[in-house]
Amino acid sequence: MNSMILLPPFLPLLLGAFAAILLRGKLRNIIMLLTPVIGAANLYALEPGIFWSLEFMGYALEPVRIDKLSLMFGYLFHIASLIAIIYALHVKDTVQHVSGLAYAASAVGAVFAGDLLTLFIFWELLALTSVFLIWARRTDRAYSSGIRYLIIQVLSGVMLLAGLLIFAKINNSLLFNEIGLEHEGLAEIGAWLIFLAFGIKCAFPFVHNWLTDSYPESTPTGTIFLASFTTKVAVYAFARGFPGTELLVWIGVTMACFPIFFAVIENDLRRVLAYSLINQIGFMIVGIGIGTAVALNGAVAHAFNDVIFKGLLMMTMGAVLHMTGKINGSELGGLYKSMPKTTVFCIVGAASISAFPLFSGFVSKSMIMSAAVAEGYDVVWLLLLFAAAGVFHHAGIKIPYFAFFAHDSGIRTTEPPRNMLIAMGLAAALCILIGSFPAQTVYALLPWDSVYQPYDITHVLTQLQLLFFSALAFVWLNLRHMYPPELPSTNLDADWFYRKLAPAFIKRFASAVYGMYANTEKLAIASIKQMIQNSYDSEEEKPKGYFARLWPTETMVVWVAVLLAVYLLLNYI
């Protein structure tokens, strides 16, 4: 088939978003369901290469460039879009439907961008379309969180724009290829700006709170879209622009480890999953930083799997929120009695994220850890082992235990709408299918040539031992009443700086400035009053002083003539 008659990969989803504005009811649902299917079929028909190119201000642009890396993320985003759309079919909210499809289109456009300018356009569209999924919950917390989210996302875009302008000036090119950090002079500044722009969207440490702040405030269906696209576009961008950058190894290890401590004490179960999302992205960033074929394949494979199993966990928690109106672990428990299907789906997602053998997380996470050992990163491997045990602790056990088991909260409800169950069933089936047959599924899409066998004795036994002892630790701590209880609370980490420190500092600074202004105003008023009093004779009730005297007309004429003469003289000179 001639690729020239096909559509750019992002266009079917974008057209679906426009259709969702105009259509209603069953017709809109049908069009929304067909949109990702048509988009995936269009993508399958496209051949690798430059699909679309043009020239802008003397620079060659490639708005659509197709290769194995972009195709893998393209297929992933269409699968995620289809599952999320099915999950949201019961929602009668045009804002969510339109923004969800436009958000997915922006993500697809970003991973097929062959130049930095096109990437920047879709980078900003990601922020503008996704924020409406947060605001769609229509609560004060959601509006405030959405504003903070938008500020951070736009900041990332501004940094990307500054970096690409510098890079275009130095290299006389805007093409998006490997960038790296090994530059000198102004080019190094441009590379670092792009690196940091990607890092913000990837939720690097200290700039990660936009994720834990905003995702839990979104609607139950909007969170599924949010968890699927923004951070995965950033992972793609790092795999394209900074493979083998060793700094990413240590950033990724930090991302994999630190969220564990906050997730364990967090009460909001969707916020637990938000911390877990950062943890999983850490594994991907480590793989990109190692930079070998196995490591890079592991990173993108784990991104592929994470969208599905993290989406599944988010869907189960969204179902709980939708049916009960509650999401705090302290308020839930015993829901397995009235939501047994959702409970099973949650356990499948928990097994996948915990990397149980025969589930999807195992076949990708083990690639990254094997690559770390092979390249001599022994400390990194140990830290990743700790992070793997931690994610099983807070996402594999805590989420299903406190939501569906633990103490009986007394809540009795029903299963969520059928479309939500179908979406969860599809995601659960994919988790098992990919974990059981990786070579025929996710491995077949990998961009780099490498050979890897996940199911050998060493990998399986190591992972089973890790999971067994992690579960044992949870049970022992829980029986001894040493496990952090689920309490109504608000936990702060790096956001303490802008939630507590910054407001206190700004308040004091503003008070000091206002005090200085008030004192200056008082002095000015006093000085003016004194000047008025000195220039007016209260007894005679008339002005006093030299300029208050009455002057003859001829004297004033003389002074005007003198001033005119001086002016003419200065003008002549």
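Laboratory data are not the source of any read-out in this text; all were calculated from the coordinates shown. The model shown is predicted, which means the values in this text are computed figures rather than measured ones. Don't worry about glycine lacking a Cβ; one is built from the backbone with ideal geometry, like all the others, and counts go over all protein chains shown.
Values for this structure:
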| item | result |
| --- | --- |
| Furthest towards positive pole of dipole, Ala423, Leu564, Thr458, structure part the chain, Cβ charges | Ala423 |
| Relative exposure of Arg508, Arg271, judged by other C-beta atoms within 10 Å (fewest first) | Arg508, Arg271 |
| Alpha-carbon centroids, the range 397-441 and the range 323-380: separation in whole Å | 10 |
| Viscosity 0.692 mPa s, 37 °C: Kirkwood-radius Stokes-Einstein D of the chain over Cα pairs, µm²/s | 125 |
| Phi-based couplings in Hz for the range 409-418 (Karplus 6.51, -1.76, 1.60; Gly and Pro marked x) | 6, x, 6, 10, 9, 10, 5, x, x, 4 |
| Anchor Lys337: lysines whose Cα lies under 23 Å away (excluding residues fewer than 8 positions away in-chain) | Lys326, Lys398 |
| Packing rank of 93-100, 212-219, 181-188, where each peptide gets the mean count of other beta carbons within 10 Å, highest leading | 212-219, 93-100, 181-188 |
| Per-residue Cβ neighbour rank within 10 angstrom, fewest leading, Trp123, Trp559, Trp250 | Trp559, Trp250, Trp123 |
| Three-way shape label, the range 1-240, alpha-carbon gyration tensor, a/c 1.5 | oblate |
| Cross-link pairs Lys26/Lys341; Lys68/Lys232; Lys201/Lys310 - those with Cα-Cα distance over 20 Å | Lys26/Lys341 |
| Value of relative contact order over the chain, rounded to a whole percent, pairs C-alpha under 8 Å and six or more apart | 12 |
| Centroid-to-centroid separation of the range 107-180 and the range 287-322 [C-alpha atoms, Å] | 21 |
| Partner lysines for Lys529 [C-alpha distance under 24 Å; skip if fewer than 8 residues away on the same chain] | Lys542, Lys544 |
| Order of Ser364, Ser527, Ser173 under a 10 Å beta carbon neighbour criterion, fewest first | Ser527, Ser173, Ser364 |
| Calculated [θ] (222 nm, deg cm²/dmol) that DSSP helices of n ≥ 4 give over the chain, each run adding -39,500 (n - 2.57) | -22500 deg cm²/dmol |
| Global form of the range 23-116, assessed from the alpha-carbon gyration tensor, a/c cut-off 1.5 | prolate |
